[in-house]
1. Return the aspartates and glutamates within reach of Lys246: Cα separation strictly under 14 angstrom, same-chain partners fewer than 8 residues apart disregarded; answer none if there are no such residues.
2. If you count, for each residue, the other Cβ atoms within 10 Å and average over each peptide, how do 56-63, 311-318 line up from highest to lowest?
3. Would you mind putting 137-144, 221-228, 99-106 in packing order, based on average other-beta-carbon counts within 10 Å, highest first?
4. Helices from the chain with mean Kyte-Doolittle at least -1.0 and a Cα length along the axis of 27 Å or more, per DSSP H: which?
5. Can you tell me the dipole magnitude for region 1-95 around its Cα centre, using point charges on the Cβ only (Lys, Arg +1; Asp, Glu -1), in Debye to the nearest 20?
6. Quick one: among Tyr332, Tyr159, Tyr277, which has the greatest mean-square fluctuation in a GNM of the chain with alpha-carbon springs under 10 angstrom?
7. For region 153-211, calculate the relative contact order in percent as a whole number, restricting contacts to Cα pairs under 8 Å that are 6 or more residues apart.
8. As a quick test, which of the pairs Lys199/Lys222; Lys112/Lys142; Lys251/Lys352; Lys4/Lys162; Lys179/Lys326 have an alpha carbon distance above 19 angstrom in this structure?
Amino acid sequence: MVTKSSMPEFEEYTAMLRPLWESHWLTNMGIYHNELEIKLKKYLTVQGLSLFTNGHMALELVLQAFNIDGEVITTPFTFASTTHAIVRNGLKPVFADIRKDNFTIDTNSIEKLVSPKTVAIVPVHVYGNICDVDKIKQIADKYELKVIYDAAHAFGIRYNGKGIGEYGDASMFSFHATKVFHTIEGGAVCYKNAEIGEKLYELKNFGIQSEEVISGVGANAKMNEFQAAMGLCNLKHLETEIHKRKYIVEKYWEYLGDTKGIYLCHIPENTISNYAYFPVLFEDTFKKSRDQVYEELKQNNIYARKYFYPLTTDYNCYHNQYDSTKTPIAKYIAQRILTLPLYADLKLEQVKQICEIILH
Ligand SMILES: *Cc1c(COP(=O)(O)O)cnc(C)c1O
């Protein structure tokens, strides 16, 4: 499989359940929820952080919290969640193209798309590859736009000495079971402005401000105690987890790094990576197409993923609304990209076997 959820020792998790049986406090900002919030704030070196039941609701509600209306410049080379969150807020996504070197949003493309209706930018640190955060800030300042990062893949990454959640007006992290750090399902928003923090607190709890004052059209997106307990366990093992992933990624590089027609993303000098994904681009100069490699791996019971294919602009539910030919690089990458299996327990022997099938 492309991924396998990391788990703490069974007893480590179950030992945390006893206090819950004693207190009967299972959700609604309980002790583990609050402890996790404090620990994550510290780990990510961010000013404000709010926990959610999943990453998608975190993104939907942070967009709502900014109370914006109009066009949002974003990327089609992402998971369904990014585009859906924008659309479900009644905002209009406008799609910029991506960079060929790291598949993040192309800032030249952003500037061409800014209109009087533009209110925000929602870039994605796709695969944990970091967007050009400095240039994005420049554009946002110039046109007075909010910047809300989809940082679902970027948990724990540091860039130029700062936590990745310190960039932009807000960032969403996903703690889904398949992500580097998880709470079974879960997510968080990091933010700078304390007012946004208060809004998020209300919006994830039905917009309830106080017992008799309901101030927003909120949702229910609170993280429960069982999720938070899993997070507290996993956080203790995170460094080991990332270290193991790094080792696997280095092995992949050893086998595939010098192959004609295969492009791999470099981790820049100023970035401390989390080794979340291992995307491989099969260019036309390689002897097999991406789809061929995908099928051959599948025949050997190895499940790589065409992540991200199709582009969100090509989804059935958005039929005829967007034009993916306007983002030709995104289109090109989506047709040639494959993410290979990567998780802490992946055996080096398996990495070798995967690469042999690809190169055969
Ligand atoms: C996983 C993911 C999300 C959504 O996170 P969930 O926690 O699964 O709701 C959003 N954006 C991207 C890019 C993701 O990979």
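1. Those aspartates and glutamates meeting the cut-off are Glu254, Asp345.
2. Packing order, densest peptide first, comes out as 56-63, 311-318.
3. Highest mean packing first, the order is 221-228, 99-106, 137-144.
4. Those that pass (Cα extent of 27 Å or more, hydropathy at least -1.0) are 225-256.
5. Charge dipole, region 1-95, about its Cα centre: 200 debye, nearest 20.
6. Top of the fluctuation ranking is Tyr332.
7. The normalised contact order for region 153-211 reaches 25 percent.
8. Table pairs above 19 Å Cα-Cα are Lys4/Lys162; Lys179/Lys326.
None of the figures in this text is laboratory data; all of them are computed from the coordinates on show. Worth saying up front: this structure is predicted, and the values here are computed from it rather than measured. Glycine also receives a Cβ, built like all others from the backbone with ideal geometry; neighbour counts cover every protein chain displayed.
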